[in-house]
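First comes the structure, then the notes that go with it.
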Amino acid sequence: MRYLLSVLILALFVTAFYYFFIRPYAYRWRSCDGLTGYGICMPHRYTVHGIDISHHQGNINWDTLEISRVGLFPIRFIFMKATEGSDWTDRNFENNFADARLHGFMRGAYHYFKPAADARMQADNFIRHVDLRPGDLPPVLDVEEKGLISKTDLQRGVKSWLLRIEEHYGVKPILYASYRFRTRYLNDPFFDDYPYWIAHYYVESVRYAGSWLFWQHTDRGQVPGIPEPVDLNIFNGKFEDLQTLTLR
């Protein structure tokens, strides 16, 4: 019995080590077939690229970042973290949001959802701090945690936030979640009516069977003007299609 337990523990350790250390780096080290940009292998067949940032990226040199608007993988849009929970605001959001527009990027703002906090108060926190204008992308709800609440209560809270934000801004918000989180906790048909931004790393293509608009394909991008690693994204369409999503 003790031997079997030792074998089981070893197997779990090896599996975890491969998943968290070997698998990601093996993917990064694969052949890129010439599609190399921002320090990683870039997805095939996509032309509209973007990033998402928060205070974790540090102070951004926007004049340098603006150079990335041209080239083989031009950055066209930037999502910025604005708020979290019912009372937290990203300390760099105000400056980042203004600078993105000033330097010619299509911009958007997102809220990080905290399951234990009141959903309507979270929506109001976002509304207080985010003034969206014509040409901006729709608001985004970033859902990554289930917390200690039930799946039903999580879905109820997410629905409440989405509906409150849609009522205020007059546009359907974008729903951000990982592939696994979306399929496990946000599989109610209600959410299919909202544009989906999928986080799906270390894969060559999106495996999600439903429709999606944005794909966050890595968290290890190296972009000029940004001192820390940054999330890279693509838009599933042409730039003209992205423009149709913006606020009027």
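For (1) in contact with a strand residue (DSSP E or B) (Cβ under 7 Å, 6 or more places away or on another chain); (2) surrounded by fewer than 17 Cβ atoms within 10 Å (Cβ to Cβ); (3) modelled with pLDDT of 95 or more; (4) of a type in the set (Asp, Glu), each residue gets a yes or a no:
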{"residue": "Glu66", "(1), (2), (3), (4)": "no, no, yes, yes"}
{"residue": "Arg69", "(1), (2), (3), (4)": "yes, yes, yes, no"}
{"residue": "Pro74", "(1), (2), (3), (4)": "yes, yes, yes, no"}
{"residue": "Phe77", "(1), (2), (3), (4)": "yes, no, yes, no"}
{"residue": "Asn95", "(1), (2), (3), (4)": "no, yes, yes, no"}
{"residue": "Leu102", "(1), (2), (3), (4)": "no, yes, yes, no"}
{"residue": "Ala109", "(1), (2), (3), (4)": "yes, no, yes, no"}
{"residue": "Phe113", "(1), (2), (3), (4)": "yes, no, yes, no"}
{"residue": "Ala117", "(1), (2), (3), (4)": "no, no, yes, no"}
Scan the stretch 138-169 residue by residue and report those that are small (Gly, Ala, Ser) and without any contact (Cβ under 8 Å) to a residue 24 or more places away in the chain.
Ser150
Report the residue count in the stretch 65-93 for those that are over 19 Å from the mean Cα position of the chain (by Cα), acidic (Asp, Glu) and over 22 Å from His49 (Cβ atoms).
1
Scan the stretch 52-64 and give yes if some residue there is in contact with a His (Cβ under 8 Å, 6 or more places away or on another chain) and either at pLDDT 95 or above or not assigned by TED's automatic domain parsing to the domain that holds Gly225 (or both), otherwise no.
yes
In the set Asp52, Asp63, which member is of a type outside the set (Phe, Trp, Tyr) and within 15 Å of Pro229 (Cα to Cα)?
Asp52
For Val206, indicate whether it is touching a strand residue (DSSP E or B) at 6+ places or on another chain (Cβ under 9 Å), among the hydrophobic types (A, V, I, L, M, F, W, C) and modelled with pLDDT of 95 or more.
no
What do you reckon, is Gln222 modelled with pLDDT of 95 or more and farther than 12 Å from Asp52 by Cα?
yes
Where Ser150 falls short, out of the listed (1) buried (at least 18 other Cβ atoms within 10 Å of the Cβ); (2) of a type in the set (S, T, N, Q); (3) more than 20 Å from the chain's Cα centre (by Cα):
(1)
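Yes/no matrix, rows are residues, columns are (1) under 13 Å from the mean Cα position of the chain (by Cα); (2) surrounded by fewer than 18 Cβ atoms within 10 Å (Cβ to Cβ); (3) within 29 Å of Ile75 (Cβ to Cβ):
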{"position": "Met106", "(1), (2), (3)": "no, no, yes"}
{"position": "Asn125", "(1), (2), (3)": "no, no, yes"}
{"position": "Glu144", "(1), (2), (3)": "yes, yes, yes"}
{"position": "Lys159", "(1), (2), (3)": "no, yes, no"}
{"position": "Arg164", "(1), (2), (3)": "no, no, no"}
{"position": "Pro189", "(1), (2), (3)": "no, yes, no"}
{"position": "His200", "(1), (2), (3)": "yes, no, yes"}
Looking at the stretch 52-170, what helices (runs of 4 or more DSSP H) fall wholly within it and have at least 3 residues that are touching a Leu at 6+ places or on another chain (Cβ under 8 Å)?
151-169
With (1) out of contact with any strand residue (DSSP E or B) (no Cβ under 7 Å at 6 or more places or on another chain); (2) surrounded by 18 or more Cβ atoms within 10 Å (Cβ to Cβ); (3) not hydroxyl-bearing (Ser, Thr, Tyr) as the list, and Phe235 as the residue in question, which single condition is left unmet?
(1)
Inspect the stretch 166-179 for any residue being β-branched (Val, Ile, Thr), buried (at least 22 other Cβ atoms within 10 Å of the Cβ) and touching a Ser or Thr at 6+ places or on another chain (Cβ under 8 Å) and give the result as yes or no.
no
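The values are calculated or read from the model by the stated rules, or taken from the named source; none is laboratory data. Just so you know, these numbers come straight off a predicted model, no measurement behind them. Please note: Cβ atoms are built from the backbone with ideal geometry, for glycine as well, and neighbour counts cover all protein chains shown.
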